[in-house]
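Worksheet for the structure shown next.
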Amino acid sequence: MTDGGYPEVASPPMTAIDTRSFQRIADLMRAESGIVLGEGKRSLTVSRLARRLRQLKLPDFSSYCDLLERDDSAEERREMLFSLTTNVTRFFREPHHFDMLRETVLPPLVARARQGGRVRIWSAGCSSGEEPYSIAMTLLDVMPEAASRDVRILATDIDARMVAAARDGRYRMTEPDQIPANARRTYFETAQGSPDLLLVKPEVRALVHCTELNLLRDWPMRGLFDVIFCRNVVIYFDGQTQERLWVRFAETLSPDGHLFVGHSERVSGPAKSTFRAGGVTHYVKAPSGAKQHEDTL
Ligand SMILES: C[S@@+](CC[C@H](N)C(=O)[O-])C[C@H]1O[C@@H](n2cnc3c(N)ncnc32)[C@H](O)[C@@H]1O
């Protein structure tokens, strides 16, 4: 019973969002992250945010939008963003990229590092770390002494929770075949008492620096990258945002640097002419000044 003597009625589960509120949330998502929430994402928006509304004891999405739009609600906007981003990833996703890395991309970079040179690789939109650790394992296969050279992998994501998980480097293996047997044996330890919990070994983690970064904002990194992985990230952005990002990646790559994108992504817009095709969803930056012919892509 409530204080007023009325029977307490459990609030009905939040099952719908009105059109105006959905638009307000979509506008905020786009402004904060570049992610476009299309009409098809309405029920996902309800299911992912309903719990938050209950926690905040808000009666409907309209009140939640009022809260989100307040100047002092930056933290709540982050919560919303984290709830609505897609973080699906896995080790050695799109294995042909890792074959290309091992066989073609890394050998000259390893040679340079062995002569005292600097090598930088960026996993942009790294989610919970499976991608940058797959890069690190591939690197260690061909350069076991990588940690003693000037070779680093930067792993960034907008989602602080994903960055924390990546830093942690612990993975519950629901699909045991996800990691090739050799990599599993060489680069993972099993947590005591939890055989399905795999820990990335310290020598792999030592190569990877995980930090929060919103790709739409400033990039504080100095120096160019030799390889950038930005896979299955821009697919959620609108065309203009994608084009701007490709230009920024091109500017951030060294001459002959490599860009790997997701299986359904393609470099578009002005940056297209600065790349040549390297392989499937793999681009190579032209040496500075040399613009590539459109039809090479
Ligand atoms: C589907 S996951 C892809 C993970 C990995 N690259 C892969 O291909 O397996 C997309 C990641 O992009 C991140 N993301 C989305 N918008 C972003 C932005 N504006 N800046 C940085 N990361 C972003 C999400 O948080 C999510 O972890």
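Rg over Rh for the stretch 19-84 works out to 0.91, both radii taken from alpha-carbon positions and Rh defined as the Kirkwood radius.
Computed from the alpha carbon atoms alone, the convex hull of the stretch 106-226 holds 105 Å³ per residue. For the chain, the relative contact order comes to 15 percent (Cα pairs under 8 Å, sequence separation of at least 6).
With each label modelled as a point 7 angstrom along the Cα→C-beta vector, the Asp18-Leu44 pair spans 2.5 nm. Test of understanding: extend the Cα→C-beta vector of Glu145 to 7 Å, then name every residue of the stretch 86-130 with backbone N under 11 Å from that spot. Zone members listed by number: 114-116. Taking all C-alpha pairs of the stretch 149-297, those more than 28 Å from each other amount to 31 percent.
Of the GluC sites (Glu not before Pro) found in the stretch 103-149, those that fall in a DSSP loop while having at most 15 other beta-carbon atoms within 10 Å are Glu145.
Each Cα pair of the chain feeds into the Kirkwood radius, which the Stokes-Einstein equation turns, at 37 °C and 0.692 mPa s, into a diffusion coefficient of 155 µm²/s.
In the chain, the longest principal axis of the Cα atoms and the axis of helix 130-142 are about 20 degrees apart. Under a model in which nothing but the beta-carbon of Lys, Arg (+1) and Asp, Glu (-1) is charged, the chain shows a dipole of about 620 debye around its Cα centre.
On full extension, the segment bounded by Lys57 and Thr174 gains 38.6 nm, given 0.36 nm per residue less the C-alpha separation.
DSSP beta bridges confined to the chain are antiparallel in about 45 percent of cases. The long axis of helix 74-84 is offset from the longest Cα principal axis of the chain by roughly 70 degrees. If you take every DSSP beta bridge whose two residues both sit in the stretch 126-239, what share of them, in percent to the nearest 5, is antiparallel? Rounded to the nearest five, the antiparallel share is 60 percent.
Where a number appears in this text, it was derived from the coordinates with a stated rule and is not lab data. Because the structure is predicted, anything quoted here is derived from the model rather than measured. Ideal geometry is used to build each Cβ from the backbone, glycine not excepted, and the neighbour counts take in all protein chains shown.
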